[in-house]
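The values are calculated or read from the model by the stated rules, or taken from the named source; none is laboratory data. Owing to the predicted nature of the structure, the values given are computational and were not obtained by experimental measurement. Note: ideal-geometry Cβ built from the backbone for every residue, glycine included; neighbour counts use all protein chains shown. Only protein heavy atoms, including side chains, enter the accessible area calculation; ligands, DNA and RNA are left aside. Shrake-Rupley method; radii C 1.70, N 1.55, O 1.52, S 1.80 Å.
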Amino acid sequence: VQLQASGGGLVQAGGSLRLSCVASLNISSLDHMGWYRQGPGQEREVIAGSHVSGSTEYAGSVKGRFTISRDNAKNTVYLQMNSLRPEDTAVYHCNALSISPPGAYWGQGTLVTVSS
């Protein structure tokens, strides 16, 4: 499974961006898809996840500002980011998990820079 993230860029604080992650197969076969980020000098942070059941979860740092969604027809997972803050600056990656057959997949990242 290949995952390709895109949509990053430079935005002012308070602005919005939408990230996309396109998978090389039907994402309805993937049990979980998510987004994580790694800022400069920081550890990796898992920020949002979407289960095939439809449930979602968010890290406290982004809850209420970011929204994860799936478009199965386009094999794409989105991350809508609103009210961006300078501390959201990071490389954002998507990942996917499959239970049967078991597998974990990681994509290349897209850089988000939030200026103050």
message = Using the Kirkwood radius over C-alpha pairs as Rh, can you work out the diffusion coefficient of the chain via Stokes-Einstein at 10 °C, viscosity 1.306 mPa s, in µm² per second?
response = 113 µm²/s
query = How many nm is it between the label spots at residue 42 and residue 65, if each spot is 7 Å from the Cα in line with the beta carbon?
reply = 0.9 nm
query = On alpha-carbon atoms, Rg over Rh for the stretch 1-55 using Kirkwood Rh?
reply = 1.01
request  = Starting from the residue with the highest accessible area, list 53, 116 in decreasing order, probe 1.4 Å.
outcome  = 116, 53
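Accessible area per residue, 1.4 Å probe, Å², for the chain: what's the number?
Value for the chain: 52 Å² per residue.
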key: Amide H partners (placed H, <5 Å) of residue 75, local residues excluded   = 27
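How would 92, 105 line up by accessible area, probe 1.4 Å, largest first?
On the way: 92 0, 105 55 Å².
Final ranking, largest accessible area leading: 105, 92.
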request  = Could you run the Karplus curve 6.51 cos²θ - 1.76 cosθ + 1.60 with θ = phi - 60° over the stretch 43-57 and give me ³J(HN,Hα) per residue in whole Hz, x for Gly and Pro?
outcome  = 7, 5, 10, 7, 10, 7, x, 9, 8, 5, 5, x, 6, 9, 9
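How much of the accessible area of the stretch 1-105, in percent, comes from carbon and sulfur atoms when a 1.4 Å probe is used? Could you put the intermediate results ahead of the total?
Working: 2630 of 5340 Å².
The C+S portion of the solvent-accessible surface of the stretch 1-105 is 49 percent.
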